[in-house]
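This report refers to the structure that appears directly beneath it.
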């Protein structure tokens, strides 16, 4: 099963193209500086694809936060059951 949809890869391709044209901007609403990093352009493309509801895995920071929250939740329920 594919992790990314083909339309998500088109979003990334578009972001990379905008980077080469120097029209890709960082920050909320594109109010930041011009993006020159390839990795940053890919991240922006994936973020835009996520916002449009394309099939893209959650970003790593969010995924890590969710797993940490789940671990603490299971600990709390385990304590309640034991008492």
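Result for the chain in a Gaussian network model with C-alpha springs under 10 Å: among 70, 48, 11, the largest mean-square fluctuation is at 70. Computed on segment 6-82, with alpha-carbon pairs under 8 angstrom and 6+ residues apart, the relative contact order is 28 percent.
Between the Cα long axis of helix 6-20 and the first principal axis of the chain there is an angle of about 50°, rounded to the nearest 10.
What does the extension gain come out to for residue 39 and residue 81, with contour length at 0.36 nm per residue minus their alpha carbon separation? Show your work: numbers first, answer last.
Numbers: separation 42, 0.36 × 42 = 15.12 nm, distance 4.63 nm.
Taking residue 39 through residue 81 to full extension adds about 10.5 nm, to one decimal.
A Stokes-Einstein calculation at 10 °C with viscosity 1.306 mPa s, built on the Kirkwood radius of segment 6-82 over Cα pairs, returns a diffusion coefficient of 110 µm²/s. Relative to the longest principal axis of the Cα atoms of the chain, helix 38-51 runs at roughly 60 degrees.
With each label modelled as a point 7 angstrom along the Cα→C-beta vector, the residue 52-residue 10 pair spans 0.7 nm. Here the label points at residue 73 and residue 20, each 7 Å from Cα along the C-beta direction, are separated by 4.4 nm in the simple model.
Only the coordinates and a few stated rules stand behind these numbers; no lab work does. Treat the numbers as computed from the prediction; the structure is a model and nothing was measured. For neighbour counting, all protein chains shown are included, and Cβ atoms are generated from backbone atoms with ideal geometry for every residue, glycine included.
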